[in-house]
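Written out below as structure tokens is the structure these notes cover.
Just so you know, all these numbers are worked out from the coordinates, no wet-lab data involved. Owing to the predicted nature of the structure, the values given are computational and were not obtained by experimental measurement. Counting neighbours? That spans all protein chains shown, and the Cβs are built from the backbone with ideal geometry, glycine included.
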Amino acid sequence: MLRLFRMPKTQMAVALLLIFITAFINQPSLDLVFRFVLAVVFGICFEILVLKMRDTELFFPSATVVSVLIISLLLAPNLTAVELFVTIIISILSKHFLRMGKKHIFNPAAFGLLIGGLFFNHDVSWWGVSFQQLKIDNLFLFLSFLFLLLPSYISVLKLRRFLMIFLFLMIYSFSQYLLIKNIAIFDPTVIFFSLVMLPEPMTTPSKPIRQTLFGIFVAGFSFLVSSPILNSLPDPLIAGLLLGNFAFFKWR
């Protein structure tokens, strides 16, 4: 059990759970908690079912829990349970069947959110990670913003993805400022994306120089995808990340 809690994926799951608690305090609802718990249980059960179908040795699916927590925080809570479950199913299946050798190609949560959004014709809402504004005069929002930074302990210190995250934030923020005069570096959705989804270790390069190029690539393509020609996609950040996963796959 101690070994499980020392794993970065388990620690990330705990950080995401704490972020969800701040979202619940901001938007208290028993239905929200029930939906959240149901999503996690469903994700674990479906992952175990797929493992048995593939005749793979069973293990606690901490990576799947992380993916489900991300989906639950980003998918609008007013969508139907069917849309939530289908998104989770797509996410898990992509990890098991969109592979080259022993490695899956795409970030599972991002792939589920993009394909689910296209299939059901909805955007990624980022509802659980969009209210944490850096406002000193509002104690709850300020503390919630600090909770939003918790994943940096895993992504920056343990996974050592600082340079990739930093360059992504700088380039993406600069492009957004040029486009819409928005200082995106303080945008909670961009912070969550850069600390949780961008540095996911199984779908990013392992060497520092390639990690740096990956961060630059995702920032650039996220900006291009947000252009009027391609803005029909569910979310430019998610699309840019998946393009980066595909382009840098052979350098992991």
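Just a few scattered comments:
- Our summary gives the range 101-176 a relative contact order of 12 percent, counting only alpha carbon pairs under 8 angstrom and 6 or more residues apart.
- Rg to Rh quotient for the range 2-251, alpha carbon positions, Kirkwood Rh: 0.94
- Neighbour counts of C-beta atoms inside 10 Å place D31, D123, D187, D137 in the sequence D137, D31, D123, D187, starting with the fewest.
- Between N78 and L157, the contour length at 0.36 nm per residue exceeds the alpha carbon distance by 24.9 nm.
- Modelled spin labels at L98 and L139, positioned 7 Å past Cα toward Cβ, are 4.5 nm from each other.
- Charge-dipole axis of the range 2-251 as Lys and Arg at +1 and Asp and Glu at -1 on Cβ define it, positive-most pick from G128, V33, G220: G220
- Highest mobility in the GNM of the chain, judged by mean-square fluctuation with C-alpha springs under 10 Å and restricted to Q132, Q27, Q11, is found for Q27.
- Projected label points at T56 and S130, each 7 Å from Cα along the beta carbon direction, are separated by 3.3 nanometres.
- For the chain, modelled as a GNM whose springs connect Cα atoms under 10 angstrom apart, the maximal fluctuation among I171, I115, I209 occurs at I209.
- Using Cβ point charges alone (K and R +1, D and E -1), the dipole size of the chain about the Cα centre works out to roughly 1040 debye.
- Stretch gain in nm, segment I25-M7, where the contour uses 0.36 nm per residue and the Cα spacing is subtracted: 3.7 nm
- Gaussian network model of the chain, springs between alpha carbon atoms under 10 Å - residue of V190, V68, V82 with greatest fluctuation: V82
- For q = 0.14 Å⁻¹, Debye-computed log10 I/I(0) when each Cα of the range 1-75 counts as one equal scatterer: -0.49
- Relative to the current alpha-carbon distance between I48 and W251, full extension at 0.36 nm per residue lengthens the span by 70.1 nm.
- Cross-link reach list, aspartates and glutamates versus K102, counting only Cα pairs under 16 Å and skipping chain neighbours closer than eight places: D55, E57
- Relative contact order of the range 2-251, defined on C-alpha pairs under 8 angstrom at six or more residues apart (%): 19
- Entries of K9/K103; K52/K158; K52/K207; K95/K250; K135/K207 with Cα pairs more than 25 Å apart: K52/K158; K52/K207; K135/K207
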